[in-house]
Amino acid sequence: MKLSRRSLLGGAVVIGAGALVTRSLWYAAGAAIEPQSLRIPELLDARKLANTISLEVQAGNTEFFPGRASKTLGYNGSYLGPTIRVNRGDDVEIAVSNALKEDTTVHWHGLLIPGELDGGPHQLIRPGATWRPRLPIRQPAATLFYHSHADRRTGVQVYSGLAGLFLVTDDEERTLGLPSEYGVDDIPLVLQDRQFEDGLMVLPEGMMARMMGRRGNTTLVNGTPNAFARVPGRLVRLRLVNGSNARIFDLSFDDQRTFHWIASEGGLLEEPIQVRSLTLAPGERAEILVDFSDGRRVALRTGPDTNLPMMMGQLSRARSLATKMFGGGDEVVLQFEPTGHQGPAAVPRRLISRQRVNASQAIRRRRFVLGMGMGGMMGGGMGSGGGMVINGRAFEMDRIDERVSLGDTEIWEISGEMMSHPIHIHGVQFEVLSRNGGKPIARDAGMRDTVLVREPVELLVRFTQPAVKAPFMYHCHILEHEDNGMMGQFVTT
Ligand code: C2O
Ligand code: CU
Ligand code: CU
């Protein structure tokens, strides 16, 4: 990775005396750099590894910008981790060893497994220790991810690089003939905004970072700033993962082409949905099919973060200044360069059929309000927890908030204060029944584990996984909200 970046930038970087000054100018904006080839995380295919995988959580240095080594964290590397691919029906043993000087955990976000395997804050991995969960894979093909979930340290550890992709595949998916050559026409894209100063990644701190979540002036895709991807001139599948701490992306192509949304967090949709844009909040994933057969270069862009107005008020000047400093505006995410014409490819009309859960089976309703604990940013009331609460209470490791019976179906009604919050529930998949008292919106489609709320949503949740030895979490996936208390835990018995 380092090598290819260096050679790509060969002509552009000033080497030798005076380089420091030049670099400072060069990197002042954080993201001023020539296009770099998109990095593709290494694939660990569990079947080829006898379903035994090793991950080492490690600290390292990463040159996002050539010659500028940022201190970062990663799995089996310096930033992010390998993509783990597993098969439905298998049991996969993962040995996670912690080479950091601090505690960590590894949470399998979206995986339907019992509580003690989930990797939440209770499954601590001490420095020097190894955790060996054996994960039963019993769910349909999907794009999941893994990341740190250390108590109060999730935001810092994820921002520093502790996240990776986790793909489930199965026979049903294989028979559809979707593009599936990893890194070629089936491309993982971990989208993250990070703050760079003078070419070095810095960790935003302070009130703004606490309230709005840690953000950044630079968009990274798989850890690559200003990335471009060479893709075959045909139908290509993109697996989009919002791995930001707080940034909401509003994705579209700069030529306004349509694309096909084929999978939500829980896996394939029943049929592709043709769209021109897709919103992706932190923790959310989507798979899309894009037709590159016209051979034209095109860029994936994002519109401004819909949480920005809260951050800066409605004043457009304040907003554009804030956008320069903290990111969150309109920008290019990734450029595509198709090579070779292969003619337009057919998108399958139908994908999979799902067994629908009937809302009348719900035996209970619970209500949750995600609160920021104050009447406004000026209103004070920011105690030690930063005011982040669910139903008025900040997270506590030794308090179980809800008790659910295994096998039950319930309606969870969730709303958020002050801004939009991506609510995530561990150990389940749910469907959105209603939004703001009406029908769900287009982007609520499919089985999910994370959904953006502000106005109340009703979620139909089935609890199929036991959480007896250790609880499951539900929380806002703006990681600084989670770390500061916007999280609760439940057992399923
Ligand atoms: Cu992706 Cu509880 O987290
Ligand atoms: Cu999770
Ligand atoms: Cu939140």
Exercise for the section: Any chance you could count how many residues in segment 124-168 are farther than 18 Å from ASP193 by Cβ and part of a loop (DSSP other than H, G, I, E, B)? Expected result: 17
Practice task
For ASP151, indicate whether it is at pLDDT 95 or above, over 14 Å from the mean Cα position of the chain (by Cα) and among the acidic types (Asp, Glu).
Solution key: yes
Exercise for the section: Could you list all residues from segment 474-492 that are of a type outside the set (A, V, I, L, M) and assigned to a strand (DSSP E or B)? Expected result: TYR474, HIS475, CYS476, GLY488, GLN489, PHE490, THR492
Practice task
For segment 102-148, enumerate the residues that are within 11 Å of ligand 2 (Cβ to nearest atom) and closer than 14 Å to LYS469 by Cβ.
Solution key: ILE113, ASP118, GLY119, GLY120
Practice task
Report, by residue number, each residue of segment 45-90 that is part of a strand (DSSP E or B), out of contact with any Phe, Trp or Tyr (no Cβ under 9 Å at 6 or more places or on another chain) and either closer than 20 Å to THR105 by Cα or at pLDDT below 95 (or both).
Solution key: THR52, ILE53, SER54, ALA59, LYS71, GLY74, LEU80
Problem - Among (1) farther than 26 Å from ASP171 by Cβ; (2) modelled with pLDDT of 95 or more - the single one GLU270 does not satisfy - result: (1)
Handout entry: Residues (within 14 Å of ligand 1 (Cβ to nearest atom) and of a type in the set (Gly, Ala, Ser)) located in segment 409-430
Key = GLY427
Fill in the blank from the handout: Picking from ALA150, ALA129, ALA141, ALA163, the residue that is more than 16 Å from ligand 3 (Cβ to nearest atom) and closer than 20 Å to PHE430 by Cβ would be ALA141
Problem - Residues of segment 32-44 satisfying the condition of being outside any strand (DSSP E or B) and of a type outside the set (Asp, Glu) - result: ALA32, ILE33, PRO35, LEU38, ARG39, ILE40, PRO41
Exercise for the section: Pick out the one residue from ASP408, ASP444, ASP483 that is within 19 Å of the chain's Cα centre (by Cα), farther than 29 Å from GLU205 by Cβ and of a type outside the set (Ser, Thr, Tyr). Expected result: ASP444
Practice task
Please list, ordered by first then second residue, the pairs with beta carbon atoms under 6 Å, 6 or more apart or interchain, first in segment 207-235 and under 17 Å from HIS477 (Cα atoms), second modelled with pLDDT of 95 or more and aromatic (Phe, Trp, Tyr).
Solution key: ARG214/TYR159
Fill in the blank from the handout: Reported set for segment 409-443 where residues are of a type in the set (D, E, K, R) and more than 16 Å from ligand 3 (Cβ to nearest atom) is GLU410, GLU413, GLU431, ARG435, LYS439, ARG443
Completion exercise
By residue number, the members of segment 228-254 that are assigned to a strand (DSSP E or B), within 18 Å of the chain's Cα centre (by Cα) and not β-branched (Val, Ile, Thr) are ARG237, LEU238, ARG239, LEU240, ASN242, PHE249, ASP250, LEU251, SER252
Exercise for the section: Find all pairs meeting these conditions: Cβ atoms under 7 angstrom apart; at least six residues apart or on different chains; first residue within segment 435-448 and on the phi > 0 side of the Ramachandran plot; second residue surrounded by fewer than 17 Cβ atoms within 10 Å (Cβ to Cβ) and of a type outside the set (Lys, Arg). Expected result: ASN436/GLU455; ASN436/PRO456
Practice task
Return a yes/no flag: does segment 88-96 have any residue that is surrounded by fewer than 18 Cβ atoms within 10 Å (Cβ to Cβ) and small (Gly, Ala, Ser).
Solution key: yes
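If we keep just the residues of segment 204-221 that are assigned to a loop (DSSP other than H, G, I, E, B) and closer than 21 Å to PRO422 by Cβ, which is farthest from ligand 3 (Cβ to nearest atom)?
GLY216
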Exercise for the section: Specify the residue that is farthest from ligand 1 (Cβ to nearest atom); the eligible residues are those in segment 431-473 that are part of a strand (DSSP E or B) and surrounded by fewer than 17 Cβ atoms within 10 Å (Cβ to Cβ). Expected result: GLY438
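Test of understanding: among THR492, THR450, which residue is β-branched (Val, Ile, Thr), within 21 Å of GLN123 (Cβ to Cβ), over 22 Å from the mean Cα position of the chain (by Cα) and within 15 Å of ligand 2 (Cβ to nearest atom)?
THR492
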Fill in the blank from the handout: Per the list (1) within 16 Å of ligand 1 (Cβ to nearest atom); (2) free of Cβ contacts under 8 Å to residues at least 24 places away in the same chain, residue check on ARG174 breaks on (1)
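The values are calculated or read from the model by the stated rules, or taken from the named source; none is laboratory data. In this text, all values refer to a predicted model and were calculated from it rather than measured experimentally. When we count neighbours, we look across all protein chains shown, and the Cβ atoms used for this are built from the backbone with ideal geometry, even at glycine.
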